[in-house]
Amino acid sequence: MKLYEIVNSLSLEVKTPSLDLNKEVTGGYVSDLLSDVIGNSKKGNVWITLQTHQNIIAVATLRDMSGIILVNGRNPDVDTLLKAAEQGIPLMVSSLPAFELVGRLYSLGIRCQ
Amino acid sequence: MDNKVAEGVFFLTGKDFSNAGAASSNLKGVLEGMSVQPDIIRRAAIAAFEAEMNVIIYAVAGMMHYYITPETIRIVVKDMGSGIPDIGLAMTEGYSTAPDYIREMGFGSGMGLPNIKKNTDRLDLDSVVGGGTTLEFIIYLNKDSKGAKNETL
């Protein structure tokens, strides 16, 4: 599934309008612990988190993730937006809490893989 | 991989979260440029990131050296920090001395050193309380990358 399809299906707010959303999403990973994410997520995963600081972009870049979705309508820090645009990591926001959002991603066919 | 040898060094500054991850991203770029196998790059990037974050979170400053030969990636991270009083405890998954504000950022979960061990083939950690810490690890490039078996240097 492509990232733009997820954005459209779940009405996500895209915070990085300059970035291409035509990226293949291989699966999903949800966690707020950065060591857990870097150790266990997979290439091309979309990452669901409540962390809004700039270091999430470093983690997503190192793991070649397809994008990050912030939950509960949390707004990314300005530094995070700048890093996301610089590193080419699409950043989206959902108004849903993590549990609901992950459930909907699962319904769309996204798995932890 | 091409028959190349490369080495380099990154300087790390304690609490400089704005540049956190830059050294490991850079190293990942170097390995990609040398056409190293993706799974080896993944393991090196994870271990380098954790080592880099340890310096940024816990030390005043440090240096990350990398040495790449056709056989190995060797990374040596030396810091000017307070040192680790009990290395066995520090290697235990879940053990952490990180302050609350670091934990709130999603760091300091006690998974850093175990993650490094899990993703490298050899690991050596030397620390002097009040004198700093030296962490050295090696990843073999020509070994089956699945099931890395850690040995102590």
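The values are calculated or read from the model by the stated rules, or taken from the named source; none is laboratory data. Every value quoted in this text rests on a predicted model; they were computed, and no experiment measured them. FYI the Cβ positions are ideal-geometry reconstructions off the backbone, even for glycines, and counts take in every protein chain you see. Only protein heavy atoms, including side chains, enter the accessible area calculation; ligands, DNA and RNA are left aside. Shrake-Rupley method; radii C 1.70, N 1.55, O 1.52, S 1.80 Å.
Quick look at the values:
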item: Given (1) within 14 Å of chain A (Cβ to nearest Cβ); (2) within 21 Å of B:SER24 (Cα to Cα); (3) open to solvent by 50 Å² or more (accessible area, probe 1.4 Å); (4) out of contact with any strand residue (DSSP E or B) (no Cβ under 6 Å at 6 or more places or on another chain), number of the condition B:LYS117 does not satisfy; result: (4)
item: Residue count, region A:71-107 (criterion: closer than 21 Å to A:LYS43 by Cβ and surrounded by fewer than 14 Cβ atoms within 10 Å (Cβ to Cβ)); result: 2
item: Unmet requirement for A:ALA60, which otherwise passes all of (1) open to solvent by less than 20 Å² (accessible area, probe 1.4 Å); (2) touching a Leu at 6+ places or on another chain (Cβ under 7 Å); (3) of a type in the set (A, V, I, L, M); result: (2)
item: Checklist (1) of a type outside the set (Phe, Trp, Tyr); (2) open to solvent by less than 10 Å² (accessible area, probe 1.4 Å); (3) touching a residue at least 60 places away in the same chain (Cβ under 8 Å); (4) not in a helix (DSSP H, G or I) applied to A:ILE68, failing item; result: (3)
item: From the options A:SER35, A:SER95, residue that is assigned to a loop (DSSP other than H, G, I, E, B) and over 13 Å from the mean Cα position of the chain (by Cα); result: A:SER95
item: Pairs where the first residue, in region B:113-126, is touching a residue at least 40 places away in the same chain (Cβ under 8 Å) and the second is open to solvent by less than 30 Å² (accessible area, probe 1.4 Å) and polar (S, T, N, Q), C-beta under 6 Å, 6+ apart; result: B:ASN115/A:SER35
item: Condition met for B:ASP124 (buried (at least 19 other Cβ atoms within 10 Å of the Cβ) and among the charged types (D, E, K, R)); result: no
item: Failed item, numbered, when B:LYS15 is tested on (1) within 14 Å of chain A (Cβ to nearest Cβ); (2) part of a helix (DSSP H, G or I); (3) out of contact with any Gly (no Cβ under 8 Å at 6 or more places or on another chain); result: (2)
item: Residue that is over 27 Å from A:ASP32 (Cβ atoms), touching a strand residue (DSSP E or B) at 6+ places or on another chain (Cβ under 7 Å) and not β-branched (Val, Ile, Thr), where the choices are B:ARG74, B:ARG43; result: B:ARG74
item: Residues within region B:43-68 that are within 11 Å of another protein chain (Cβ to nearest Cβ) and without any contact (Cβ under 8 Å) to a residue 60 or more places away in the chain, tallied; result: 7
item: Selection count where residues are part of a helix (DSSP H, G or I) and either open to solvent by 50 Å² or more (accessible area, probe 1.4 Å) or touching a strand residue (DSSP E or B) at 6+ places or on another chain (Cβ under 6 Å) (or both), scope region A:38-55; result: 1
item: Every residue from region A:1-19 that is among the charged types (D, E, K, R) and either touching a residue at least 60 places away in the same chain (Cβ under 8 Å) or in a helix (DSSP H, G or I) (or both); result: A:GLU5, A:GLU13, A:LYS15
